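First comes the structure, then the notes that go with it.
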Amino acid sequence: VLILFSLQVLNEKKLQEVDSLWKEFETPEKANKIVKLKHFEKFQDTTEALAASTALVEGKLSKNLKKILKKIVAKDAHEQLAVADAKLGGVIKDKLNLSCIHSPMVTELMRGIRSQIEGLITGLPAREMAAMCLGLAHSLSRYKLKFSPDKVDTMIIQAISLLDDLDKELNNYIMRCREWYGWHFPELGKIITDNLTYCKCVRKVGDRSNFASSDVSDILPEEIEEEVKAAAEISMGTEVSEEDINNIIHLCDQVIEISDYRTQLYDYLKNRMMAIAPNLTVMVGELVGARLIAHAGSLLNLAKHPASTVQLLGAEKALFRALKTKRDTPKFGLIYHASLVGQTNTKNKGKISRMLAAKTALTIRYDALGEDTSAEMGAENRLKVETRLRLLEERGIRRISGTGKALARTDKYQNKSEVKVFDPSGDSTLPAVSKKRKIQEVEEQDTEVAVKAKKFKAEMKEETTVQNDEPVKKKKKKKNKEKQAEEEEVLDEEPPTSPTVELCCLATCVALLLHYALFTATFVCLQNTEKKKKKKKKMKNEDED
């Protein structure tokens with residue numbers, strides 16, 4: 001039972017005391033003295049009640065409320081209408097020209113009426129009232145969250161989990177079937193590589209001896225069929241019993257049934273993904289999108305994740321291991337299996353996965369919280385990622401201005417700053433010692449100095465000859481005299497001494513002194529020994545005497 005009612009205030013003086021107004025609603029008797037029921041109307045069904053309640057929540061005027069207010073206006077147009085929502089009061093005033101009031105007194109009055117609603121409205125059981133409130137609350141919350149039975153992502157989570165389990169079971173069954181029948185006909189496994197075709201062929205033929213008489217043209221092409229028949233005649237396999245063949249055929253039946261159910265489940269998952277998350281399906285595909293939803297728990301939980309988390313979903317162990325060991329963190333998780341990431345080379349996989357995760361996060365939020373069910377946004381974002389992928393493969397960024405055809409050129413960076421090297425010689429406290437020069441270098445320097453001195457003297461001679469006006473004979477005499485004087489000077493001048501020569505002279509002097517000291521020491525020792533011998537002889541002679 002869903003109702004719509006209106007109440008009339010009896011004592012307005014008591015409403016002025018807002019702080020003590022709650023005392024007037026302590027009991028149903030006190031509440032009946034303050035307000036009384038003026039109008040009562042019942043809703044026909046839950047949908048009508050839901051429409052009225054959602055209109056009140058959004059601040060709109062519903063049809064039923066409009067009819068009731070028009071009746072009240074016709075009777076009591078001079079009275080004020082207490083409204084809990086100021087926005088709704090403005091709408092009523094604009095459309096019906098009713099004077100509305102909204103104040104703290106009204107909120108306290110509404111709280112008191114809500115607490116004593118069962119006493120104010122007679123003939124309504126408490127159980128029915130509770131059921132009515134609970135049903136309306138569920139309907140209203142479902143409407144607020146835009147809940148739709150078509151958008152149930154739990155089905156996707158269960159479907160993708162079952163699909164993964166079927167793949168594992170199929171793999172185990174097929175490997176067991178190949179190994180089991182391989183003991184009887186090992187050559188068939190190398191000729192037929194497709195697992196489903198292998199199981200169909202084994203189920204139809206059974207024993208290898210039946211291949212020659214059986215027709216497998218509906219399963220295998222002609223070339224492979226002839227090759228299989230030729231291999232069956234010369235097979236190296238062992239003979240098996242009919243019971244073994246029956247068990248192998250039963251296993252093949254299971255493989256074929258499971259594979260058929262897997263294709264049916266994949267089609268169901270694809271349709272569900274296009275209904276619930278069409279933009280996510282366009283961006284990363286049905287399987288990757290379903291695995292992302294299953295990993296997050298729901299589509300709404302996935303919409304709450306940032307793009308960086310979407311990029312690494314499924315690689316949590318690798319991420320925490322890298323953080324613990326201080327190594328490089330992973331660049332992608334489940335999103336690695338998307339077709340756009342698979343198209344790129346290994347160098348650009350990280351960049352494309354980051355951009356794809358950013359665009360995927362936008363599409364997830366649009367699918368989870370948006371009202372539109374089209375996949376246009378996903379197609380636009382996928383086109384952006386594809387253009388970015390194309391630019392990365394071209395290894396260049398096109399210019400914004402100009403023709404746009406030329407590629408941007410980037411000059412190679414060269415460090416032109418001066419590098420100053422520290423001189424460690426300034427740190428030493430030892431006195432500086434001049435380096436020893438070789439004897440050849442010293443001799444070469446001495447000869448150069450002598451040659452320069454001769455040239456300078458020759459130039460000076462020429463100048464003196466030009467200035468003097470004396471006859472040539474006198475000049476010759478002077479030249480002869482000058483030559484003699486130079487020879488005397490050269491004889492008188494001491495030869496230039498170098499530090500190496502001085503060191504050699506010192507060394508020879510020291511050696512001579514050492515030899516002289518040794519000679520004197522030995523001479524003194526010999527004298528002492530001779531003196532001692534003479535004394536001993538004298539002592540002997542004196543004793544004999």
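Just a few scattered comments:
- For the stretch 298-308, the set of residues classified as open to solvent by 40 Å² or more (accessible area, probe 1.4 Å) and of a type outside the set (Lys, Arg) consists of LEU300, ASN301, HIS305, PRO306, SER308, listed by residue number.
- Test for ILE219: is it surrounded by 16 or more Cβ atoms within 10 Å (Cβ to Cβ) and over 22 Å from GLU243 (Cα atoms): yes
- Qualifying residue in the stretch 508-515 (condition: modelled with pLDDT under 70 and among the hydroxyl-bearing types (Ser, Thr, Tyr)): no
- You will find that of LYS331, LYS326, the residue that is out of contact with any helix residue (DSSP H, G or I) (no Cβ under 9 Å at 6 or more places or on another chain) and modelled with pLDDT under 95 is LYS326 and no other.
- When ARG388 is tested against (1) under 25 Å from GLY297 (Cα atoms); (2) open to solvent by 60 Å² or more (accessible area, probe 1.4 Å); (3) modelled with pLDDT of 90 or more, exactly one condition is not met: (1).
- Some residue of the stretch 281-293 being within 46 Å of the chain's Cα centre (by Cα) and under 21 Å from ILE174 (Cα atoms): no
- Listed by position, the helices (runs of 4 or more DSSP H) inside the stretch 297-336 whose residues that are closer than 17 Å to ALA358 by Cβ number at least 3 are 299-304, 307-312.
- Beta carbons closer than 7 Å, at least 6 apart along the sequence or on distinct chains, pair a first residue in the stretch 153-166 that is farther than 15 Å from GLY285 by Cβ with a second that is small (Gly, Ala, Ser) and open to solvent by 30 Å² or more (accessible area, probe 1.4 Å) for ILE157/ALA294; SER161/ALA294.
- The condition (being touching a Ser or Thr at 6+ places or on another chain (Cβ under 7 Å), open to solvent by less than 100 Å² (accessible area, probe 1.4 Å) and modelled with pLDDT under 80) is satisfied by just one residue among ILE68, ILE121: ILE68.
- Search result, residues across the stretch 76-117 that are in contact with a Cys (Cβ under 9 Å, 6 or more places away or on another chain), open to solvent by 50 Å² or more (accessible area, probe 1.4 Å) and either outside the structural domain of MET129 (by the TED database) or assigned to a loop (DSSP other than H, G, I, E, B) (or both): GLN80
- Candidates LEU340, LEU323, LEU319, LEU312: the one that is open to solvent by less than 20 Å² (accessible area, probe 1.4 Å) and not polar (S, T, N, Q) is LEU340.
- Per-region count, the stretch 186-216, residues within 51 Å of the chain's Cα centre (by Cα), surrounded by 13 or more Cβ atoms within 10 Å (Cβ to Cβ) and part of a loop (DSSP other than H, G, I, E, B): 2
- The one condition from (1) touching an Asp or Glu at 6+ places or on another chain (Cβ under 7 Å); (2) part of a loop (DSSP other than H, G, I, E, B) that LYS347 does not meet is (1).
- Positions within the stretch 245-276 being open to solvent by less than 60 Å² (accessible area, probe 1.4 Å) and either farther than 14 Å from ALA159 by Cα or outside any helix (DSSP H, G or I) (or both), in sequence order: ILE245, ILE248, ILE249, LEU251, CYS252, ASP253, VAL255, ILE256, ILE258, SER259, ALA275
- Test: residue in the stretch 361-373 that is assigned by the TED database to the domain that holds VAL284, at pLDDT below 95, open to solvent by less than 20 Å² (accessible area, probe 1.4 Å) and charged (D, E, K, R): yes
The values are calculated or read from the model by the stated rules, or taken from the named source; none is laboratory data. No experiment lies behind these values; they were computed from the predicted model shown. Note that we place each Cβ from the backbone using ideal geometry, even for glycine, and neighbour counts take in every protein chain shown. Side chains included, ligands, DNA and RNA excluded: accessible areas come from the protein's heavy atoms. Shrake-Rupley method; radii C 1.70, N 1.55, O 1.52, S 1.80 Å.
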